[in-house]
Each structure stands twice: as structure tokens, then as C-alpha cells.
Amino acid sequence: MTSVGDIVDMTRTLGRAIRLRRKVPQRSHRHSLGRMLEKQAQQRPDTTALICEGRELTWAEFNIRANRVAHQLRDAGIGHGDCVALMMENRIEFLICLMGICKLGAVASLINTHQRHDVLIHSLTLTRAKCMVYGEELIDAVGEVRDQLDLPDREGYLHVPDGGAVEAPEWAATCDPSRPGNREDDPAETAEITLGDPCLYIFTSGTTGLPKAAIVSGERCIRAMQGMGEVCLNIQASDRLYNALPLYHTTGLIIGFGSVLHAGASMVIKRKFSASRFFDEIREHQCNSFVYIGEMCRYLMHQPQRSDDADNPVVKIIGNGLRPDIWMDFKRRFDIAKICEIYGASEGNSGFVNAFNKDCTIGFGITPHVLVQYDADSDSIVRNSEGFCIEVAKGEPGLLLNEVRDDARFDGYTDPEASEKKLVRNVLKTGDVYFNTGDLIRQIDVGFAFGRPHYQFVDRTGDTFRWKGENCSTNEVGEIINAHPQVQTTNVYGVELPGTDGRAGMAAITFDPGQVSSDQDIDWDGLTRHIDAQLASYARPIFIRVQREQPTTSTFKLQKTELKRQAFHPDAVGEDRIYVRKPGAAGYQPLDADFHDRIMAGDAGY
């Protein structure tokens, strides 16, 4: 039941959302991230802005150091609209250099610190970077590809110290924001930057090919910072946020740091996520909020329970991907009052926010959107006889399409062809244009929420599989298997079987090492009973791959591309073991060469 207090909180939240939407300025309006930093430096110069590895920086110091970087970049020939690649681990200097780039009206191309060789060359050349700012800790990665980049020595590479153990090489210039020397005044260029100017290139994960660079304008960036920080998290200047997510991705940077920048709050930066140290560090720094990715929460749940789990200062968190199967347990175990689940994409033109603190939902969206029928077999949108898309019934999963319009623009990628592929035309009427999120979601009933429809994430379109004429969600199947006490993480995907239609379910499972040290420890009978009791026959995995650990992206998303390619073929999975459930069998058994050959010949009975 919704209490009077809940209604008051929701009324205030909705009011903030409406006010924010009404005061959105034109793209020609002069405003930028650099202006936001200057404002905080003027209003709260001595307030702590950033904390990392024993160092603290006030807003005034932050602004001065960003100015030093901006002036050095200008001296190197960087100006408005130029692209500057930024490759650095999570530390204070990352944000200083980012803001220095943005203060000139240049575009910061945020490079994944795990990229190497061909992928790194691709990302650097795709955006036509004129200069590269890199951290000392990544000098080897940069040095390996330098000969294949069209960047001049010295002015084309800025080396940012990280302890100073490795000096800048002869082909790079040192950029040390902590040392006085360059001018420290606010660059004049900052005042001329408009909301319509691009400020960031944020790369897609590249799980289905080489990464694409999404264009993020100042308008989209600042609107997200305000919307997520003010409307959803309601962050105040007195708040302190803990951030262990990569700053080269949207959630860590725009949602995490962006909320802090918008409010003038403070943020603890962690170079790498540590599940075992997570809440100890939050207590140490007295953080009352943190930014999350769903799998990060799952890793925290797998930590041994402690008597002080709920004894922490956190009252609100913001992030995306927290799945319903652990939502309530996570909330109760760590005594978190408010979970601000959000939904969106770096290149997307709209997002959803769980601003009303409803459980197990990605929240509501303000801009127009529609859920339409999608055919998993053909990986295509279903259209009616008139050529228009067909909306799904309430509660049914549908492909989310967001309408593209003046207040929900699609800035696209640096590649125009890739941008066009994300658009769907003539959706509900001739001439309309929608952004294809590629995600299946469904409307859910979460009670009183001012008539705003709330939604729940179901799956990525490429991650659904169709078996025995039924569509199956890999996420939902995985969540059910995860509920078995021996299972730590499950990655579900569809694999092709010769002579059959659709794709059969396959699950790569990592078992809890505290309970399972070898395959002999696996409770196969109990796991099978659990699967049979919770899943329809068509959704039950035919194959199970036992993995020591799950491959993930840098933001903890489970990787499936290589698993799909390797499928159930014993010669492709290395030391992993494959188990199969034969037609009519009561349980799983090791897949031997003879039965594998029968499957490939189409004679296995599926």
C-alpha cells in the first residue's frame, strides 16, 4: 500500500521532472560541462569534489587543473570541434583532462582501457583524433600502436604521470595538471560552447563487431545529468557518491560523475571494483550513495554474509541492470532505502528512470515511445497489412522504440550508415521516425505512480532464442537458474542444431567455488529438479557448459558472442565440460563424441 509519505515524495519527484522538462533550453543556448565546473568552483571553492587513493581535490582546485590542461591543449593546436582521445584508468586526472578538453569545445573520445592492437587503432582512427591524452599506466598499449597512427610526435601525445615511475617518452609531451606552469584562468572558448555542440564520443561495447562511437552532445549529456541526478537520485551538495565503474562509459561518467557535477556534491573514485572491499571503503569515506551496474550487485551478493552488511551509510543508489531475481534480497541485505534503476543507451535518444522508488522496475519514460511485436526467428519487426508496426498488449514483451523529435533527438554515431540502421520509419503512421533500442521490455503494474506506465527489462533482441515455436528470454532463464543454491552466475544463449527450427537453449554456468570444487560436487539431480519446476519444457537448456569463470565486458556485462560461436562443440571449449539433456532423459549427462556426431547429423531426436 502506498503511504502518505510515499505520495508526497512521488509528487515532489514528478514536479521536479516536469519543471526540468519545461525549462530545457535551445541547442543554440551557451552552456557546457566546462561552465558547470566553473560554476561549482565559484559557488563552493573549498568543498571537496573528488577523492581517490588518498588524495582530495576541491572544486576550485579541480577547475584550475582543468584549465591548465585546456591551455596546454590549445598550445598544441587543439580547438573547437577537434577530437582528443582520452585513455586513462579511473583516477582524478581522468576527469581533470576530460574537463580540460571540454573547456575548449573539443570532443573527448573516451577509449576503453582494455583495448589493444587492432581494436585500439580502430577506435583512435574512427573519430579522427587530433591528439591523444593517455595515462602513464597505459604507455605500453599506446606504444604498441603508435607507428600505425597518424599523430605527430610530441604535440600528438600527452603523457599524464601516474606516480612518475615511467617518464614521458621522446615522442610524447608531459601533461601534469598538478604542477603550476600553464595559465590557470578559465579559457575564453568555454563561454562560446553551445548545448548543440558534441562534447563526447562514447564507444559501444563492440560485442557484435568493432566498437562504434556514439556522439553525445552537450544537451544530451547535461539533460541526463540533471534528469538522473536531480529527478531520480535527488542528489544534494552534501552527498558523497562512491564510483567504481569505468569513467569511459555512460553509467560511470554521465550518471555517476554527472550527478555530482550537477549538484556540487563529492565523489570517491575507485580505480577498480573490489567486491570484498566495496562496503568497507564506503564506510571509510562515509558515502551515502553509489552508482552500480547489475552484475556488480550480483558480485556483492556472492560475498560471504557479514553481521555488519546492513550497517553502512548508503541510503540511495543509482544505476542500471539490477535484475528482479536479486533486487529485494540486495535491498534488504544492505539496507538500501532507495534504488534508482535507470534505462538508456549511450547513443539513445531517451531514457527511463525509477524515480518513484518502485521495486523491480526500470521506471517510466517522459518522451513518446511504443512497444511493438518482434519476430525472434527473423530478427525483425512484425508489421501489419498496411505496413505499420503492431503494438503489443499490456504486460507482453515488446521491442522498445523511442520517437525521434525535437525534444528527443538522435545524435547518432560518427558513422552515418550505422546511425541510419538504428532508425525505424513509418512505425505508427507514414513519415514518423523512431530509434530502435534493440531491447525487449514489458509494462508492469506497480501500483500508484501518477498514471505513469512503468516497465521491466526483458532481454536484448539478439539474446532471445526461439525453440519449439516459443520465444525465450535468456535473462529470465538465467535468473531462474541463478536461484539454485550452488549456482553463482548463469549466461544463457541459443545455439543452432542441424535439422531443427530455431535455437536450443544453452547455459554456461559458473558454480559457487565454496560449494563446488569439481564436477562431482554438482548436485545434478537438484539442479534438474529446479529447472523442471521453474521453466517450461521449451525454455529448459538442452546444454550446460561448466565454466570456472564468466567472460565479461569492462562494465560486467556477460559476453555471449564467443560462447555462441563455440556452442556445444567439445573441441572448441577448451577445458570446460559440456553436459547434455537427451530427448526424454530425466537429467543431464556428459556430452560424448558419439552423441555430438548424432546431433550434427540431425539424428539425435530433437
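The values are calculated or read from the model by the stated rules, or taken from the named source; none is laboratory data. Since we're looking at a predicted model, the values are computed, not measured. Because the Cβ atoms are built from the backbone with ideal geometry, glycine has one as well, and the counts that use them run over all protein chains shown.
Just to check your reading of the model, which residue among Gln550, Gln566 is buried (at least 16 other Cβ atoms within 10 Å of the Cβ) and in contact (Cβ under 8 Å) with a residue 60 or more places away in the chain?
Within the list Gln550, Gln566, the selection yields Gln550.
Only one of these conditions is not met by Glu219: (1) buried (at least 19 other Cβ atoms within 10 Å of the Cβ); (2) modelled with pLDDT of 95 or more; (3) touching a Lys or Arg at 6+ places or on another chain (Cβ under 7 Å). Which number is it?
(2)
Based on this model, can you work out whether Val433 counts as outside the structural domain of His302 (by TED's automatic domain parsing), at pLDDT 95 or above and not small (Gly, Ala, Ser)?
Considered against the rule, which asks whether it is outside the structural domain of His302 (by TED's automatic domain parsing), at pLDDT 95 or above and not small (Gly, Ala, Ser), Val433 comes out as yes.
Select the helices (runs of 4 or more DSSP H) contained entirely in the stretch 246-301, then report the ones holding at least 2 residues which are more than 18 Å from the chain's Cα centre (by Cα) and free of Cβ contacts under 8 Å to residues at least 24 places away in the same chain.
278-285
Every residue, every condition in (1) modelled with pLDDT of 95 or more; (2) in contact with a strand residue (DSSP E or B) (Cβ under 7 Å, 6 or more places away or on another chain); (3) buried (at least 21 other Cβ atoms within 10 Å of the Cβ); (4) closer than 24 Å to Lys272 by Cα, yes or no:
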residue	(1), (2), (3), (4)
Thr490	no, yes, yes, yes
Glu496	no, no, no, no
Arg503	no, yes, yes, no
Val516	no, no, no, no
Gln520	no, no, no, no
Thr528	yes, no, no, no
Arg540	no, yes, no, no
Ile544	yes, yes, yes, no
Ser554	no, no, no, yes
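Here are Ala604, Ala585, Ala533: which of them is among the aliphatic types (A, V, I, L, M), assigned to a loop (DSSP other than H, G, I, E, B) and free of Cβ contacts under 8 Å to residues at least 12 places away in the same chain?
The match here is Ala585.
Looking at the stretch 41-61, is at least one residue among the acidic types (Asp, Glu), more than 27 Å from the chain's Cα centre (by Cα), part of a helix (DSSP H, G or I) and at pLDDT 65 or above?
Looking through the stretch 41-61, at least one residue is among the acidic types (Asp, Glu), more than 27 Å from the chain's Cα centre (by Cα), part of a helix (DSSP H, G or I) and at pLDDT 65 or above.
Go through the residues of the stretch 228-235 one by one and say whether even a single one is touching a residue at least 24 places away in the same chain (Cβ under 8 Å) and out of contact with any strand residue (DSSP E or B) (no Cβ under 9 Å at 6 or more places or on another chain).
Yes - at least one qualifying residue is present in the stretch 228-235.
I'd like the full set of residues that are within 19 Å of the chain's Cα centre (by Cα) and more than 17 Å from Leu151 (Cβ to Cβ), limited to the stretch 78-90.
Those that are within 19 Å of the chain's Cα centre (by Cα) and more than 17 Å from Leu151 (Cβ to Cβ): Glu89, Asn90.
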